[in-house]
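Have a look at the structure below, then the notes.
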Amino acid sequence: MIGRFLYSQKVAPYVFVLPFVLVFLVFWIYPLASALEMSFQKTTLGQGAHWIGWDNYAKLAGDSVFRKAVANSVVYMALTLVILIPFPMLFAVWINNKSLWGREFFKSSLFFPALTSVVVAGTIFRLMFGEMQGSLINSFLGLFGIGPVKFLKEQATGFVALLSLATWRWTGVNILYFLAGLKNIPDEYYEAAAIDGASAFQRFTRITMPLLKPTTIYVITISVYGGLAMFVESMMLWNGNNSPKNIGLTIVGYLYRQGIEKNELGYAAAVGIVLLVITMAINLVQLTLTGMFRKED
Amino acid sequence: MSKAAGSRIAVFAVFVVICALVLLPFYAVTLSSFKSGAELIRYGLNLRFDLSVMSLDNFVYLFTGDHAYFTWFTNSLVLTVVQVAVTLFISSAVAYGFAAYHFKGKNALFVCVLLIMMVPFEILLLPLYTLTYNLGLMNSYAAIILPGLANASTIFFFRQYLRGVPHEIIDSGRVDGATEYGIYARLILPVMKPAFAAMGILTGMGSWNNFLWPFMVLGDDRKFTLPIGLKTLLTPYGNNYDLLIVGSFFSIVPIFILFVAFQKYFIDGMTAGAVKG
């Protein structure tokens, strides 16, 4: 009887999706709800909690270290967008051209860095951007009589190291995304444009860019998410969650510092909720501006 | 020389320079894995090719020394294999439920899948940490495997893939008297092989390189995965560069071999999300 019930065509779909429902409830809805609840409490691991209303949020509003973390994360995210959208798009167009020698090799080489873990990549970049005259970047700058630069001690140079790491790891991945998008553009469009006498630049701005829009929106969305949630890269570069004058502190880094290092779970949960709101807001604005919602019908 | 040929050479030259820059850190690390930690501390990571300071000592130490590297390596390998197998099996079944049936609540549930994909996982770190603590799962692999059992982006990819599979396969299975689960196991799983390869590689790469969450829940150094183990070699009291550099180098090797062997699947998996269904 129960066997027949489980095997019926009406019940089977629910059996198939059941694992998702369970994981969704236990490891997503419940944690999200408890993050929201915790953000209104003063609570520590294994101890009781008590309700303090909006106090955590009020404290966050006046917390200058938190403001620093938000500024760092937002600037980092914005700069990764500036670097990691236009250049990979251009490289993808070039690689897509079948007359380029060694295109498969270039594609693979640019993708290699994505295979490394953040721990390994971060360690390599930490050493490359070392303070010593003999460290890779400084020995190069030394050829021009510059340095040695203490990269990880100052805001601007610290960000140079962070962004170099991000550019190194993600350029190849974004190229692959754009190449996948380019595959969907019919060759006839370019042939017709060539007959009409359009220049390479015109073909890029009038055909390639508009038709790559869905891919670009996707890449922007994941870059916003990745940029705002960045933490381990900074942790590896500065060998811990502390950097001079907090130049490498990010929102998730602050969440980690308050929640795990200081055991202020309630306050850290409020940091998380703010991150959620910022991410959702930026993505909503972005998707509205690019007309994503109008297109979906 | 024509203008077209000129621009072809220019583009080629640009790529040669960029690829050299991108491969430089790999070269530096490979070179440094033959140098002593003391050499690295004194002169930093650089491109100096000097046979007089290079030796196989680090590699000898990696394979014969008294350290936990290969315990971590084995842990990572086991965890990766288990995570890939379990995640693929469960996510493909869930995706099949979404793709093959019409049932009440289906659209609402699928919105939940998309929601998971849009919210940063990092927000859930602390509540998941407390939940893990309260369930008594600290320091266990279950704490790492359970939250990822039904992975949203994997489900999404499989569902997109299954939409391209003709519904007649399922109908013919029913006519032949197969059960609903038999159809999935015997008729659907075989046609999903390419999707499994793409997602297997992507999940495996993520699992092999996963750091933050395992770092938070694993406390016992014999249970560490490779990234955590490597991270612990960097301490505020001095760094174990002898093992760190050669260990980092060696940790890239398995994934590098997989990449070269299955490059096509890597690329399919990586670009899965960008393809509109």
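Quick note: the coordinates plus some simple rules give every number you see, no bench work behind them. Given the structure is predicted, the values throughout are model-derived calculations rather than measurements. Every residue, glycine among them, receives a Cβ derived from its backbone with ideal geometry; neighbour counts consider all protein chains shown.
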Handout entry: Additional length obtainable on full extension of the chain from A:F201 to A:K153, 0.36 nm per residue less Cα span
Key = 13.1 nm
Practice task
Select from A:L249, A:L60, A:L22 the residue whose mean-square fluctuation is largest in a Gaussian network model of chain A (Cα-Cα springs shorter than 10 Å).
Solution key: A:L22
Practice task
Report the relative contact order of chain A, percent, no decimals, based on alpha-carbon pairs under 8 angstrom and at least 6 residues apart.
Solution key: 28
Practice task
Determine the shape class of the stretch B:69-274: with a ≥ b ≥ c the square roots of the Cα gyration tensor eigenvalues, call it rounded for a/c under 1.5, and otherwise prolate if a/b is greater than b/c, oblate otherwise.
Solution key: prolate
Handout entry: Relative contact order (%) - criterion: Cα under 8 Å, at least six apart; region: the stretch B:69-274
Key = 34
Practice task
Please report the orientation-averaged projected area of chain A, defined via the convex hull of its C-alpha atoms, in nm².
Solution key: 24.3
Problem - Centre separation in Å (Cα based) which lies between the stretch A:238-290 and the stretch B:1-68 - result: 35
Handout entry: B:L114 paired with B:Y181, simple spin-label distance in nm, labels 7 Å along Cα-to-beta-carbon
Key = 3.2
Fill in the blank from the handout: Those trypsin sites (Lys or Arg not before Pro) from the stretch A:153-234 that are DSSP loop and have at most 16 other Cβ neighbours within 10 Å turn out to be A:K183
Practice task
For the stretch B:20-32, take each phi angle, set θ = phi - 60°, evaluate the Karplus expression 6.51 cos²θ - 1.76 cosθ + 1.60, and give the result in whole Hz per residue in order, putting x for glycine and proline.
Solution key: 4, 4, 5, 7, 3, x, 5, 5, 4, 5, 4, 4, 5
Practice task
Return the aspartates and glutamates within reach of B:K223: Cα separation strictly under 12 angstrom, same-chain partners fewer than 8 residues apart disregarded; answer none if there are no such residues.
Solution key: none
Problem - At R0 = 22 Å, FRET efficiency that the Cβ-Cβ distance of B:V78 and B:K193 yields, to 0.05 - result: 0.40
Handout entry: trypsin sites (Lys or Arg not before Pro) restricted to the stretch A:1-71 and DSSP loop, no more than 16 other C-beta within 10 Å
Key = A:K10
Practice task
Please find, in a Gaussian network model of chain B (springs between Cα atoms separated by less than 10 Å), the residue of B:Y61, B:Y141, B:Y43 whose mean-square fluctuation is greatest.
Solution key: B:Y43
Problem - the protein assembly as shown: calculated mean residue ellipticity at 222 nm from DSSP helix runs of at least 4, using -39500 (n - 2.57) - result: -20500 deg cm²/dmol
Completion exercise
Other residues with Cβ under 14 Å from the Cβ of A:Q155 give, with Lys and Arg +1 and Asp and Glu -1, a net charge of +3
Fill in the blank from the handout: Result: in the stretch A:55-295 the number of Lys pairs with C-alpha under 19 Å apart, spaced 8 or more or on different chains, is 13
Handout entry: FRET E, pair A:L90, A:Q47, Förster distance 56 Å, beta-carbon r, rounded to 0.05
Key = 0.55
Problem - Residue exposure sequence - A:M280, B:M117 - by fewest surrounding Cβ within 10 Å - result: A:M280, B:M117
Problem - For the protein assembly as shown, fraction of C-alpha pairs farther apart than 47 Å, in % - result: 16
Exercise for the section: Under 19 Å Cα to Cα from B:K231, which aspartates and glutamates show up? Leave out anything in the same chain fewer than 8 places away. Expected result: A:E233, A:E261, B:D66, B:D220, B:D221, B:D242
Handout entry: Cut-off 14 Å between beta-carbons: net charge of the residues surrounding A:P88, Lys and Arg +1, Asp and Glu -1
Key = +2
Fill in the blank from the handout: Ordered by number, the trypsin sites (Lys or Arg not before Pro) in the stretch B:57-160 that occupy a DSSP loop and have at most 10 other Cβ atoms within 10 Å are B:K104
Practice task
Please report the relative contact order for the stretch A:144-271, taking Cα pairs under 8 Å with a sequence separation of at least 6, and give it as a percent rounded to a whole number.
Solution key: 23
Practice task
With springs only between Cα atoms under 10 Å apart, run a GNM on chain B and tell me which of B:M216, B:M118, B:M138 wobbles the most.
Solution key: B:M118
